[in-house]
Amino acid sequence: MLSDEGEIARVARESYAWLAPHDPASAVRRATVERGRTRALLIGGTLLFLMLFLFIPLAAVFTEALRNGVGAYVQAIVQPEARSAIALTLLTAAVAVPLNLVFGIAASWLITRFEFRGKNLLSAMIDLPLAVSPVIAGMIYVLLFGEQGWFGGWLAAHHIKVVFAVPGIILATTFVTCPFIARELIPVMEAAGREEEEAALTLGANGWQMFFRITLPNVKWGLLYGLVICNARAMGEFGAVSVVSGHIRGLTNTMPLYVEILYNSYDFAASFAIASLLTLLALLTLAAKSLLARRARRASEASPVHQSVKPAA
């Protein structure tokens, strides 16, 4: 039996020496760098998946859109119903995204800066639109604001139309997209901490000065990233909008709904033409997302905090 503590420690070090690498940096490199064959297999599998489920379908959309030539493509886009669908889609995004911006900032500020009863419940409720089917969300608004709904009689008496009109489309889109900005901001605000804000208050800044000069600059990249994702989701929403829109041609059809109408009418060239516009908007959103991520990474690397924790060369 070992009675000496030094002898016990020596035996332990010898028994588990294989767990303690002599060069931590080389151990990290070995753990994070795969062998050539494994790396090639992973890259090849990823590219194959992207080719089958992303690149080929995207190429098919543009191929079908231009099958009858550029003239037919342009003609399909400039049709009055197409222009109405495009305008309604942009209008919906232009209203829903700012509403979600205000909600996202307020909710993330409340959750990360205050302690109160029901905080976990509020955080869970923010994720509710991600768990509820968009079709169910549309049905909820029909139940509330339809002619036979809870508030339908009052709305009809005051000549206010929500369902099967633009307000219903905006409400449904806002509901579906409300978690995106908040969920981007909450972890960013938590990581930023409260030290700079408390220092600003100590130095005499009021709440608004602290918010605009300290809080927003610290979370601006997360905020812009959330705006991009929210905007993309708003323009591509189909399920909830399909329920509350009524599919009135030239009035309540957004671009996704108009694509479905054209396709069901066997006007394939026009449907793919409108679908290609949505695809272009998605690609622009992806480019904006990548640009924001790159700038955020550069800003993080250039920050004094990041430089202060860099290991010495």
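The values are calculated or read from the model by the stated rules, or taken from the named source; none is laboratory data. Fair warning: this is a prediction, and the values are worked out from it, not measured in the lab. Calculation scope for accessible area: heavy atoms of the full protein, side chains included, ligands and nucleic acids excluded. Shrake-Rupley method; radii C 1.70, N 1.55, O 1.52, S 1.80 Å.
In nm, what is the difference between 0.36 nm times the number of residues separating residue 90 and residue 60 and their Cα-Cα distance? Could you put the intermediate results ahead of the total?
On the way: separation 30, 0.36 × 30 = 10.80 nm, distance 2.50 nm.
Between residue 90 and residue 60, full extension yields 8.3 nm more.
May I ask you to give the solvent-accessible area per residue for region 174-300, in square angstrom, as obtained with a 1.4 angstrom probe?
Details: 6320 Å² over 127 residues.
The answer is 50 Å² per residue.
Express in Å², to the nearest 10, the accessible area of residue 284 obtained by rolling a 1.4 Å probe over the protein heavy atoms while all chains stay in place.
Residue 284 has an accessible surface of roughly 120 Å² with all protein chains in place.
Quick check: Cα centre of region 141-164 to Cα centre of region 199-224, how many Å?
Between the Cα centres of region 141-164 and region 199-224 lies a distance of 42 Å.
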